[in-house]
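Working notes, beginning with the structure itself.
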Amino acid sequence: MSSASLPRPWLLLSLLALLLSAAAGASAQAPATVEPTRQQALLRMVRQDCGACHGMQLTGGLGPAITAQALAEGERSPELVFATIWYGRPGTPMPPWRGLLSEAEARWMSAQLLAGLPALNGGPR
Ligand code: HEC
């Protein structure tokens, strides 16, 4: 075994830190930005979890359409979309997601919805 193929300790440590912070859930040390790997997980969540109610293409189902076009037509602000994701809509089936997302992640998701989620159309699955 050559030493070149041995994993470097700092790499292992940073991987461990990443895993730990992911497991700890986010609120205490919410990242200012959303890491690319987490972005992929969030986009998957939108397609699968949100899509279960809002439709595979987000064009509506049990919940209303939340495509960029629908949100623009309803003049939904980033703050309103974020608050809907974060707190849910009490009295409706729309659940709160604040236990599952950090605030930065919910804001990022809101921005992606308003921007039209490019990864939904031909992005990596
Ligand atoms: C169990 C079903 C369900 C799931 C899962 C769900 N939603 Fe909803 N959502 C709803 C319903 C129903 C409404 C309409 C609430 C109302 O009547 O105000 C809604 C409303 C919304 C709205 C407001 C739309 C508008 O026009 O103001 C947004 C944005 C939204 N959901 C985003 C999401 C996102 C993002 C996810 C995934 C993280 C998600 N929803 C998951 C059922 C769901």
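Give the calculated FRET efficiency between M56 and W86 to the nearest 0.05, with a Förster radius of 25 Å applied to their Cβ-Cβ distance.
0.60
Using Cβ counts within 10 Å as a stand-in for footprinting exposure, how do T67, T92 rank, fewest first?
Ascending number of Cβ neighbours within 10 Å: T92, T67.
Quick one: give the max-minus-min coordinate of the C-alpha atoms of the range 41-114 along each principal axis, largest first, in Å.
27, 26, 23
Every read-out reported here was derived from the displayed coordinates using simple, explicitly stated rules and does not represent laboratory data. Because the structure is predicted, anything quoted here is derived from the model rather than measured. With ideal geometry, Cβ positions are generated from the backbone for all residues, glycine too; neighbour counts draw on all protein chains shown.
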